[in-house]
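The values are calculated or read from the model by the stated rules, or taken from the named source; none is laboratory data. The model shown is predicted, which means the values in this text are computed figures rather than measured ones. Please note: Cβ atoms are built from the backbone with ideal geometry, for glycine as well, and neighbour counts cover all protein chains shown.
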Amino acid sequence: MLGQRECGMVKGGEWYNYFWQVINPAFGVFPEAWEKWNKVFDTMYGPQAEFFNKYLPDKEKTFLGLGVGFGGMELVLASRGWRGLGIDNDEHALLIASQNANILASNRLMVCHVDIYDKSQFPGFFSGKGFSACLSFGTMEHFKPEEIPEMIQRQFQIAPLVICMVPVGTEGTLKYFGASDVGPYLDEKSGIYRVLQTPEWWEKNIFG
């Protein structure tokens, strides 16, 4: 289901199978998995979603979630009152995301298949549609360093606000991913490519 570029970033070329092994993504069917995922969200963004209350105060405006996968963080936001559209290039994962959304956040999170590398689809499909923000949770670090600035700029063609969560090259994350130093890195276990850099690198080279 994935394009050649994405396939090269995961052993076997299947995000779906990899993440199914790492987490139980069918949150709508397995309440314990959904409860654990909410705890992860609360740890990162506050139990009352303080971060998003600050930057997305109008919950009736719609956010666009990039690399939505099984629903993840976008699903938590939708279940707590925000409204969103999630896009991904993995149709298998989107089937689970749709199921999750129907059960846990009915009519507040929709998902659709989009090739983010195709400019006619992204930002083409979404420019001028009134999105309040583009969100990505653990997505931008999977692009090559030279591709990331363009992907950020495309998001600004869609919405006035861009919120990205990326892992940075701290001692803890380097140990977690088995990397020896900051920089582009291919996880030997999963085969997933990540850009693990310092916060200063992201600020200067991407968000500066």
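Only one entry in 158, 96, 152 is under 27 Å from residue 203 (Cα atoms) and surrounded by 20 or more Cβ atoms within 10 Å (Cβ to Cβ), namely 158. Is it the case that residue 17 is in a loop (DSSP other than H, G, I, E, B), closer than 24 Å to residue 176 by Cα and modelled with pLDDT under 90? It is false that residue 17 is in a loop (DSSP other than H, G, I, E, B), closer than 24 Å to residue 176 by Cα and modelled with pLDDT under 90. The residues of region 111-135 that are modelled with pLDDT of 95 or more and among the hydroxyl-bearing types (Ser, Thr, Tyr), listed by number, are 120, 127, 132. Exactly one residue out of 129, 61, 119 is among the basic types (Lys, Arg) and within 26 Å of residue 142 (Cα to Cα): that is 119.
Within region 145-183, being modelled with pLDDT of 90 or more and of a type in the set (Lys, Arg) holds for one residue alone: 154. Residues of region 160-184 that are closer than 21 Å to residue 150 by Cβ and free of Cβ contacts under 8 Å to residues at least 24 places away in the same chain: 183 alone. Counting only strands (runs of 3 or more DSSP E) that sit wholly inside region 124-207, those with at least 2 residues that are closer than 26 Å to residue 75 by Cα are 133-137, 162-165, 193-196. For residue 141, the requirement of being more than 30 Å from residue 30 (Cβ to Cβ) and free of Cβ contacts under 8 Å to residues at least 60 places away in the same chain is not met.
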